[in-house]
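These notes concern the structure reproduced below.
The values are calculated or read from the model by the stated rules, or taken from the named source; none is laboratory data. Because the structure is predicted, anything quoted here is derived from the model rather than measured. Quick reminder, even Gly has a Cβ in these numbers, built from the backbone with ideal geometry, and neighbours come from all protein chains shown. To get the accessible areas, we keep the full protein, side chains included, count just its heavy atoms, and leave off ligands, DNA and RNA. Shrake-Rupley method; radii C 1.70, N 1.55, O 1.52, S 1.80 Å.
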Amino acid sequence: MNSPISRRTVAVSLLAGAAALGTTGAAFAAPSPAAEEPTHRHRQIRPTIVLIHGAFADASSWSAVVERLQRQGHQVLAPALPLRGLASDAAYIRSFLDSVPGPIVLVGHSYGGAVISVAAADASRVKALVYIAAFVPDIGESALELTAKYPGSTLAQATSAQYYPLPGGGQGEELIIKQELFREQFAAGVPAATAQVMAVGQRPIALAALQEKSTAAAWKKLPSWCLVATEDRNIPPAALQWMAERARAHTVRVRAPHAVAVSDPGPVTELILRAARSAC
C-alpha cells in the first residue's frame with residue numbers, strides 16, 4: 001500500500017507550481033474587468049469600412065475585398081450608388097453615412113472617389129478617405145475634366161450612349177462600355193469568364209454625373225490614401241498620380257487595370273487596412 005501524502009507535501013507542491021507560473025494562484029482567477037477593458041475599447045473604436053463603387057460596376061466588384069476585410073474583423077458596408085449626378089449621389093451616400101454608428105473609413109473607386117470627396121465634407125465620423133484608382137477632384141473640377149488632363153484614356157472609344165427618361169420629362173444620356181470591349185478597357189487581367197459577367201451586369205452612368213463639378217474636397221481636411229493602377233485605361237495613370245500627389249496622400253502603385261479591386265484585391269485590402277489602423 002502506498003503511503004499517504006502529507007498536507008505539507010501538497011502545500012509545498014502547490015506553492016512550487018505557483019512559483020513556476022510567477023504567481024500564487026492568479027493564473028486560475030477569472031480575468032478582471034480592467035484586464036478586459038482595452039479589448040472592449042478596441043472593438044468599440046474599430047472603424048466601419050464603407051466601400052463606394054464607381055461607374056460601369058456595382059457593389060459586387062468589392063466582393064473579394066469585403067471577404068478579406070471581414071476576416072480581419074471589420075464591419076463592412078457597400079451600398080449601391082445611383083450614378084445619376086455628383087451632387088445627388090453624394091447626398092445619398094451622406095445620408096447613408098449618417099446611419100452608420102462610430103468612426104468610418106470611406107473608400108471610393110473611380111467616379112466613387114468624386115462622390116466620397118463631397119459626401120465626407122463635414123461628416124465628423126469619417127476619419128480617413130481611400131481612393132482606389134479614383135478621381136480626387138478639387139472644388140470646381142469634374143471627372144471628365146480630370147480624365148482629359150493627361151493622355152492615355154481610351155474610355156470614349158469604348159463606350160456607347162443610351163437614353164433614359166428624366167423625372168421632369170425629356171431624356172438623360174448615359175454611358176455604358178461595349179460588352180465586347182469591356183475586359184480590355186475595364187478589367188484587363190481579370191479572368192475572361194469573370195469579366196464577361198461583369199460586362200453583362202455593369203451599371204451605366206449618366207453623362208451629366210461625369211460633367212458635374214465638385215462642390216467640396218474632403219481630402220483637404222482628412223488623411224487620405226491613394227492606389228494608382230498603372231495599367232488603367234479609364235483614368236490615365238498620370239492623372240491618378242497627379243491627384244494623389246496634390247492631395248498629399250499615402251500612395252501605392254499597383255500594376256493593375258481600372259478594376260483593381262477585382263484583379264488585385266490583396267493590395268487594395270492592405271491599403272484600406274492601413275487607413276483603418278490610422279483611424280483607431
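Multiply the residue gap between Ala208 and Ser63 by 0.36 nm, knock off their C-alpha separation, and tell me the result in nm, one decimal place. Working shown, then result.
On the way: separation 145, 0.36 × 145 = 52.20 nm, distance 2.81 nm.
Computed gain between Ala208 and Ser63 is 49.4 nm.
In terms of overall dimensions, region 218-268 has a Cα radius of gyration and Dmax of 10.9, 31 angstrom.
Using only alpha carbons, region 153-280 has a radius of gyration to Kirkwood radius ratio (Rg to Rh) of 1.01. At a probe radius of 1.4 angstrom, the accessible area of region 180-277 per residue rounds to 44 square angstrom.
Peptides 71-84, 232-245 ordered by packing proxy, namely the average of other Cβ atoms within 10 Å per residue, highest first: 232-245, 71-84. Annotation: amide H of Cys226 within the under-5 Å range of Tyr131, His250, Thr251, Val252, sequence separation 5 or more or interchain, hydrogens built in the peptide plane. Each peptide in 115-122, 246-253 receives the mean, over its residues, of other Cβ atoms within 10 Å, and ordering these scores from highest gives 115-122, 246-253. Counting only DSSP beta bridges whose two residues both lie in region 82-213, roughly 55 percent are antiparallel.
Just the protein heavy atoms count here, and of the accessible area of region 105-164 at 1.4 Å, carbon and sulfur take up 54 percent. Between Arg277 and Glu173, the contour length at 0.36 nm per residue exceeds the alpha carbon distance by 33.3 nm. About its Cα centre, region 172-227 has a charge dipole of approximately 320 debye under the convention of +1 per Lys or Arg Cβ and -1 per Asp or Glu Cβ, with nothing else charged.
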